[in-house]
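Each remark here refers to the structure printed beneath this line.
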Amino acid sequence: MNKKTRFEVFKRDNFKCQYCGRTPPEVILEIDHIIPKSKGGADDIENLITSCRDCNRGKGKNFITNIQKREIIKENLKNLKEKEEQLKEYYKLQRRQERKIQKNIQTIKDYWHLIDGKTEISEYGEKSIRTFLKSFSVKEIQEAINISSKIEDSNQRFLYMCGVLHNKEREKKYPGLSEIISYWRKLPKGSGYYRLNSLEEAIERYSIEEIKQAMNEAIKEPQSSYFRKFCEILDIKYG
């Protein structure tokens with residue numbers, strides 16, 4: 001029996017002895033014939049089963065008869081058929097989903113061209129759109145295109161659109177993020193510098209009102225870095 005056939009059987013049986021359930025490195029696996037070759041059994045994969053050396057040679061505690069072997073292989077074939085049918089349906093679903101994605105990408109490309117009037121979304125841009133479609137509807141992406149339409153340069157316009165969607169994505173994950181950023185920037189202090197990762201951590205741990213209160217406390221201190229003081233008050237990482 002060639003190596004390829006042996007390993008096809010091992011893979012089918014998940015590299016597990018079908019009699020005792022043991023696997024390498026605890027045991028050495030061999031191939032057993034359901035119907036022995038001496039009785040006319042073939043080397044067809046349907047007549048082969050994974051066995052450890054002890055079970056195959058009748059030394060194991062779970063040595064079984066040929067009738068029991070046939071029942072095991074019958075169950076394996078049944079499971080294999082079910083697996084094949086499930087994979088077939090899964091691939092059908094994947095193809096339907098991919099057709100839907102391609103249709104949505106084309107809709108967005110057409111809308112971009114309608115607004116832009118001159119350029120097309122590049123192949124690289126399509127990859128970005130595909131990623132955004134995991135989080136946003138076609139309508140939401142079209143709205144981002146509308147927002148970015150004020151930018152004259154097409155490349156910069158696309159980057160601006162991506163920035164709009166990234167911000168919306170953060171807002172979905174961290175509700176209230178734009179509110180506290182706006183609040184921080186309007187406080188009567190220095191540059192309004194902040195670190196996004198710190199604000200995201202704050203939202204995960206505190207309410208919006210608690211964050212605003214900490215901001216108000218931070219700017220009262222004679223600090224060169226008000227935002228660092230804000231992080232100290234809430235005991236969050238500075239960046």
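Quick note: the coordinates plus some simple rules give every number you see, no bench work behind them. None of these values were measured; they are calculated from a predicted model. Cβ coordinates were reconstructed from backbone atoms using ideal geometry, including for glycine residues, and neighbour counts include every protein chain displayed.
If the chain between LYS189 and GLU85 were fully stretched, how many nm would it gain, using 0.36 nm times the residue separation less the Cα-Cα distance?
On the way: separation 104, 0.36 × 104 = 37.44 nm, distance 6.51 nm.
Here the segment from LYS189 to GLU85 would lengthen by 30.9 nm.
Label sites at SER154 and GLU217, each approximated as a point 7 angstrom past Cα along Cα to Cβ, lie 5.3 nm apart.
At a 10 Å Cβ-Cβ cut-off, how would you order LYS4, LYS103, LYS229, fewest neighbours first? Numbers along the way, then the final one.
Details: LYS4 7, LYS103 11, LYS229 19.
The most exposed by this proxy come first: LYS4, LYS103, LYS229.
Applying a length cut-off of 27 Å (Cα extent along the axis) and a mean Kyte-Doolittle floor of -1.0 to the DSSP H helices of the chain leaves no helix. Annotation: the residues ARG195, ARG53, sorted from fewest to most other C-beta atoms within 10 Å of their own C-beta, follow the order ARG53, ARG195. Taking amide H positions as modeled 1.01 Å from N, with prolines and chain starts lacking one, the residues under 5 Å from LEU48 and 5 or more places away or on another chain are ILE34. Cross-link reach is defined here as a Cα-Cα straight distance under 30 Å, omitting same-chain residues fewer than 8 places apart; for LYS172 the lysines meeting it are LYS100, LYS103, LYS109, LYS127, LYS134, LYS139, LYS150, LYS186, LYS189, LYS212, LYS229, LYS237.
Its relative contact order, with pairs defined as Cα atoms under 8 Å and 6+ residues apart, puts region 115-173 at 33 percent.
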